[in-house]
Amino acid sequence: MKHILFTLFLSLFVFNTNANAQSIENLDISVKINKQVTTLDVTVKMSINPAHKGDLKLVLNDSASGLEVVRKGAPLEYLFDKENKPNIYFDGGLITIASSDLIAGNVIDFKYTLDIPKIDYFITKGSSEGITKQNGFETGMYSAWLPTELSNGNFNYSINIHVPNGYRAIGNGNITSLGSNIWHIKSNSKQFDVPVIVSDIIENEIYELGEINVVVSHFGKAKSDVSKLAKDIKSILTLFNQRFGPLMKKGTMRFAFVPRKGVSYSRDGFAVINDTGFEIDKFQTIAHEIGHFWFSGADSSSWEDWLNESYAEYGALMAIQQKYGASEFIKKTQEFADVSAGSPPIFEVNRKSDISGLVLYRKGPVILEETRRKIGNKKFNLLIKSVINLELKTTKKLLESLSAILTESELDWFEEQLHL
């Protein structure tokens with residue numbers, strides 16, 4: 001049961017991006033992939049925040065071999081505990097570098113080799129026909145393929161990926177080919193993850209939505225299927241821009257449809273969708289991940305994650321209503337109510353418990369729909385935008401902001417729902 005819930009709800013998990021907690025300011029990364037696509041040779045130049053204090057604690061995949069940690073050309077002492085998993089969401093052990101070995105603002109160099117099967121999100125069994133592990137891989141922070149902070153944080157990064165002949169790389173940011181089988185990805189803004197997909201069969205299709213380029217990356221889908229996906233993406237983006245406020249006036253958004261089961265996830269302007277399931281379920285996942293372009297930033301390691309997940313999932317219900325009609329919206333909402341009946345309150349639910357996903361992804365959207373019915377569409381739209389506009393995304397701050405929108409009795413009722 002735990003594995004099932006983990007697979008379902010990790011697919012929508014967004015980590016805490018509290019800039020005050022960050023130690024890493026910038027990552028300059030170089031990756032070399034061997035011809036058999038079985039190993040990665042990784043070098044990382046990590047710039048440390050001058051305000052960092054105390055020991056530096058990082059998660060790294062425990063398959064990392066030949067690890068070297070260097071500062072100013074001299075080896076740096078470290079501990080690498082591979083036995084204890086320090087973060088339940090990251091597949092890695094704990095690296096500790098003592099504060100006495102750190103100088104604020106310095107750059108630390110990491111060098112190591114990784115086995116691709118140990119960091120790969122792809123599950124070859126059950127993948128689309130014709131896709132094998134030799135066709136490429138996908139990785140990101142869940143597999144801790146880079147030294148990653150326990151609590152995460154926002155940082156800039158650039159990455160050069162040296163690939164075998166015929167392969168290409170995509171990820172989150174500005175992507176350019178440097179020739180000689182080298183792909184360069186640079187973050188457009190501070191991020192909290194470095195997702196990368198490398199393959200010899202991935203294809204890109206570009207669609208326009210005003211001045212926004214919508215890029216659909218896929219593994220050999222029929223042109224008509226890709227066009228349908230692009231149509232859905234554009235309709236969802238248009239709906240959310242109208243209801244939640246404009247996200248961006250121009251630029252690029254990328255959606256990668258990967259041939260595997262398991263997690264889907266969203267980063268700023270970049271979403272990766274598992275390409276399995278029934279049509280409406282896939283549409284719901286796409287809409288949820290797009291919803292995170294607006295709803296993110298609350299501490300996802302705590303119950304405050306409902307400000308990310310419940311709202312993004314309610315957005316998905318709104319998109320279902322637009323495409324499939326009111327009857328499907330009502331049906332889905334009732335299914336959510338039925339499956340979450342008797343579940344614990346949202347307020348202070350244990351985010352690490354098996355039941356928390358059910359509370360945040362199913363109970364939360366039901367409460368939001370009940371709230372809309374009680375306070376009306378006009379006030380509800382303001383409530384939604386209050387979450388988006390909060391600088392410090394906590395429920396306490398939300399309730400404070402809602403005092404200017406809702407009556408005292410409405411606000412009391414809304415707060416009560418979080419305790420039921």
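The values are calculated or read from the model by the stated rules, or taken from the named source; none is laboratory data. This is a predicted model, so every value here is computed, not measured. When we count neighbours, we look across all protein chains shown, and the Cβ atoms used for this are built from the backbone with ideal geometry, even at glycine. For the accessible areas, the whole protein counts, side chains as well, though only heavy atoms, and no ligand, DNA or RNA atoms are used. Shrake-Rupley method; radii C 1.70, N 1.55, O 1.52, S 1.80 Å.
For this structure, a couple of remarks:
- Scanning the stretch 280-301 for residues that are assigned to a helix (DSSP H, G or I), in contact with a strand residue (DSSP E or B) (Cβ under 9 Å, 6 or more places away or on another chain) and open to solvent by less than 30 Å² (accessible area, probe 1.4 Å) yields a total of 5.
- Residue match in the stretch 401-413 (condition: under 21 Å from S296 (Cα atoms), open to solvent by 10 Å² or more (accessible area, probe 1.4 Å) and either in contact with a Cys (Cβ under 6 Å, 6 or more places away or on another chain) or at pLDDT 95 or above (or both)): yes
- Counting only strands (runs of 3 or more DSSP E) that sit completely within the stretch 178-279, those holding 3 or more residues that are open to solvent by 60 Å² or more (accessible area, probe 1.4 Å) correspond to 203-209.
- Residues in the stretch 195-236 that are over 29 Å from N156 (Cα atoms) and of a type in the set (D, E): 2 in all.
- Qualifying residue in the stretch 234-257 (condition: under 16 Å from T139 (Cα atoms), in contact with a Gly (Cβ under 6 Å, 6 or more places away or on another chain) and touching a residue at least 24 places away in the same chain (Cβ under 8 Å)): no
- Residue ID - nearest to N84 (Cα to Cα), chosen from residues in the stretch 55-65 that are part of a loop (DSSP other than H, G, I, E, B) and open to solvent by 40 Å² or more (accessible area, probe 1.4 Å): D62
- Residue match in the stretch 313-322 (condition: open to solvent by 30 Å² or more (accessible area, probe 1.4 Å) and either within 25 Å of I236 (Cβ to Cβ) or of a type outside the set (D, E) (or both)): yes
- Listed by position, the helices (runs of 4 or more DSSP H) inside the stretch 302-376 whose residues that are under 16 Å from L398 (Cβ atoms) and modelled with pLDDT of 95 or more number at least 1 are 306-324, 364-375.
- When residues in the stretch 377-418 are screened for being part of a loop (DSSP other than H, G, I, E, B) and of a type in the set (S, T, N, Q), 3 of them pass.
- Within the stretch 271-287, being within 18 Å of the chain's Cα centre (by Cα) and touching a residue at least 12 places away in the same chain (Cβ under 8 Å) holds for A271, V272, I273, N274, D275, F283, Q284, T285, I286, A287.
- Total residues in the stretch 157-177 satisfying the condition of being over 21 Å from the mean Cα position of the chain (by Cα) and open to solvent by 40 Å² or more (accessible area, probe 1.4 Å): the figure is 7.
- Positions within the stretch 68-87 being under 27 Å from the mean Cα position of the chain (by Cα) and either closer than 16 Å to V44 by Cβ or without any contact (Cβ under 8 Å) to a residue 12 or more places away in the chain (or both), in sequence order: F80, E83, N84, K85
- Considering only residues in the stretch 27-54 that are assigned to a strand (DSSP E or B) and at pLDDT below 95, the one that is surrounded by the fewest Cβ atoms within 10 Å (Cβ to Cβ) turns out to be S47.
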